[in-house]
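Trainee: Before we start, here is the structure in question, set down as structure tokens.
The values are calculated or read from the model by the stated rules, or taken from the named source; none is laboratory data. On a predicted model such as this, the values are computed, not experimentally measured, just so you know. Cβ placement follows ideal geometry from the backbone for every residue including glycine, while neighbour counts extend to all protein chains displayed. Please note that ligands, DNA and RNA were not included when accessible areas were found on the heavy atoms of the full protein model with its side chains. Shrake-Rupley method; radii C 1.70, N 1.55, O 1.52, S 1.80 Å.
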Amino acid sequence: MTRMRKMEAPVVIVGAGIVGGAAAYYLAQRGLKPLVLEKSAIGVEASARSAGGVRAQCRDRLERILAMASIKLWEGLEAELDFDMEYVQGGNIRLAAGEERLAQLAAEAEEELVDGLAVEMWDRDELRRRAPYLSEMFIGAKYCATDGVANPILSTWAFAVAAKRAGASILTHTEAIAVETQAGQVTSVLAQGREGELRIDTPLVIHAGGAYAPQLSQTLGINIPVEPARNFIGVTQRVKPFFTEFLSSHDMRVYFRPARTGHIHVGGVLVTANTSNKIVPAEGLTHLSRIALAVPMLGSTNFLRAWAGTLAMTPDRLPIIGPVEGVQGYLLAAGFSGHGFCLGPIVGKLLSELVLDGEASMSLAELSHSRFAGTQPTT
């Protein structure tokens, strides 16, 4: 019988995605050396399987304010982390194929401008002038020049490497399976790794495990209203670069991200809800062929490969960030509903402030777990 190993850590972070990695980095930078538990490997789960968009536009206002702050961090991250993340502030075009969608974009633009986000509305003629490669089916668009893209795999690794360099520890292939408490205070985390069971004594846990947040939280009697859903992405053969923007069409349920290498990442919006299955469904492959409808000149372009990822969806499609009432020392950063990649840096920084300063420099009150009914601890 394998003996349970024991460790101590001032804070345990569950999940080494971009949020968990950023939290580890900012904590370690300020002297608190966290222990990060990753159930698989770095750069293979949801963050690395994301679209790689770094955008502030087309969000709920609560997210938009966070995204704007996060983009300010993104602009200096490569120099700060000493890591090439392939970040390009090349703009983001949100396309409209009909008048109803165009009106929705215009209404969003009014709110965004009030918040200080510089966006432009383009009619058909301006869209043709600025993006002549697009299909004639689009009648207009909303454009944000400060939005951009980054390589999601490299970005996830960048924070992990920087966190370790600053003093954090990361255990891969180690899954957190339970959180223990005494008198409502976190006392330890039980984990399962390749070398057997592990108990880590700690007063603080930051759960940034995405769609897996409910399972661990249930060991505390806490209901986390997060369900998994599947996204899928295909990558084309290399083409001569002809655009820098992230392109998205809700009408067609498709988006495009140009990569530095000349490949184009083409993604589809949710195809299957309530699943963690990472196999690309047949209908997903068919959906990717719509690339030719949006960008006709890509009609003869071949796809090299495709993959799926797991999104963590909340009922209101907004993340849950901050402490959980009733359990001292348990913080959540989950349920980003497919919008979390851009937010990773600022959320990690704010979590470090909650731990070290007792409060964050930006309000997270409206993103608290307590906004959902029936989520109080049951034990």
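Trainee: Taking interchain pairs and intrachain pairs at least six residues apart, which have beta carbon atoms under 6 angstrom, with the first residue in segment 191-216 and free of Cβ contacts under 8 Å to residues at least 40 places away in the same chain and the second of a type in the set (A, V, I, L, M) and open to solvent by 20 Å² or more (accessible area, probe 1.4 Å)?
Mentor: Hits for this filter: 192/177.
Trainee: Further question on the same structure: Checking the structure you have, find out if any residue of segment 299-316 is under 19 Å from residue 19 (Cβ atoms), open to solvent by 10 Å² or more (accessible area, probe 1.4 Å) and part of a loop (DSSP other than H, G, I, E, B).
Mentor: Scanning segment 299-316, I find at least one residue that is under 19 Å from residue 19 (Cβ atoms), open to solvent by 10 Å² or more (accessible area, probe 1.4 Å) and part of a loop (DSSP other than H, G, I, E, B), so the answer is yes.
Trainee: Does residue 256 meet the test of being in contact (Cβ under 8 Å) with a residue 60 or more places away in the chain, among the aromatic types (Phe, Trp, Tyr) and touching a strand residue (DSSP E or B) at 6+ places or on another chain (Cβ under 7 Å)?
Mentor: On the way: in contact (Cβ under 8 Å) with a residue 60 or more places away in the chain: no; among the aromatic types (Phe, Trp, Tyr): yes; touching a strand residue (DSSP E or B) at 6+ places or on another chain (Cβ under 7 Å): yes.
Taking the combined requirement at face value, the residue does not satisfy it.
Trainee: Residues that are among the acidic types (Asp, Glu) and modelled with pLDDT of 95 or more: does segment 201-208 have at least one? Let's see the steps before the verdict.
Mentor: Taking segment 201-208 and keeping what is among the acidic types (Asp, Glu), we get 201.
With modelled with pLDDT of 95 or more added as a condition, the list becomes 201.
Yes, there is a match, as at least one residue in segment 201-208 is among the acidic types (Asp, Glu) and modelled with pLDDT of 95 or more.
Trainee: Moving on. So residue 238 passes all but one of these: (1) open to solvent by less than 40 Å² (accessible area, probe 1.4 Å); (2) closer than 23 Å to residue 307 by Cβ; (3) touching a Ser or Thr at 6+ places or on another chain (Cβ under 7 Å). Which condition number does it fail?
Mentor: The single condition residue 238 does not satisfy is (1).
Trainee: Considering only segment 74-165, give the strands (runs of 3 or more DSSP E) lying wholly within it that have at least 1 residues that are surrounded by fewer than 16 Cβ atoms within 10 Å (Cβ to Cβ) and in contact with a strand residue (DSSP E or B) (Cβ under 9 Å, 6 or more places away or on another chain). Let's see the steps before the verdict.
Mentor: On the way: elements: 92-96, 120-122, 140-144.
Correct list: 120-122.
Trainee: So, in segment 1-41, of the ones that are open to solvent by 20 Å² or more (accessible area, probe 1.4 Å) and of a type in the set (A, V, I, L, M, F, W, C), which residue ends up farthest from residue 155 (Cα to Cα)?
Mentor: 1
Trainee: Can I ask one more? Being surrounded by 15 or more Cβ atoms within 10 Å (Cβ to Cβ) and at pLDDT below 90 is the filter here, so list the residues in segment 252-269 that pass it.
Mentor: To start, the set of residues in segment 252-269 that are surrounded by 15 or more Cβ atoms within 10 Å (Cβ to Cβ) comprises 252, 254-259, 263-269.
Once the filter is applied, which keeps residues that are surrounded by 15 or more Cβ atoms within 10 Å (Cβ to Cβ) and at pLDDT below 90, segment 252-269 yields 252, 254, 267, 268, 269.
Trainee: Which residues, counting only those in segment 44-76, are farther than 20 Å from residue 338 by Cβ and either among the charged types (D, E, K, R) or over 16 Å from the mean Cα position of the chain (by Cα) (or both)? Show your work before the answer.
Mentor: Step one: filter segment 44-76 for residues farther than 20 Å from residue 338 by Cβ, giving 72-73, 75-76.
Matches in segment 44-76: 72, 75, 76.
Trainee: A follow-up question, please. Out of the residues in segment 331-379 that are in a loop (DSSP other than H, G, I, E, B) and of a type in the set (A, V, I, L, M, F, W, C), state the one that is modelled with the lowest pLDDT. First the steps, then the outcome.
Mentor: Narrowing segment 331-379 to residues in a loop (DSSP other than H, G, I, E, B): 335-339, 358-364, 368, 372-379.
Checking the rest, the ones that are also of a type in the set (A, V, I, L, M, F, W, C) come to 336, 360, 362, 364, 372-373.
Values: 336: 96, 360: 97, 362: 97, 364: 96, 372: 92, 373: 65.
Here the answer is 373.
Trainee: In addition: When you scan segment 278-298, how many residues do you find that are surrounded by 14 or more Cβ atoms within 10 Å (Cβ to Cβ), under 25 Å from residue 97 (Cα atoms) and modelled with pLDDT under 75?
Mentor: 2
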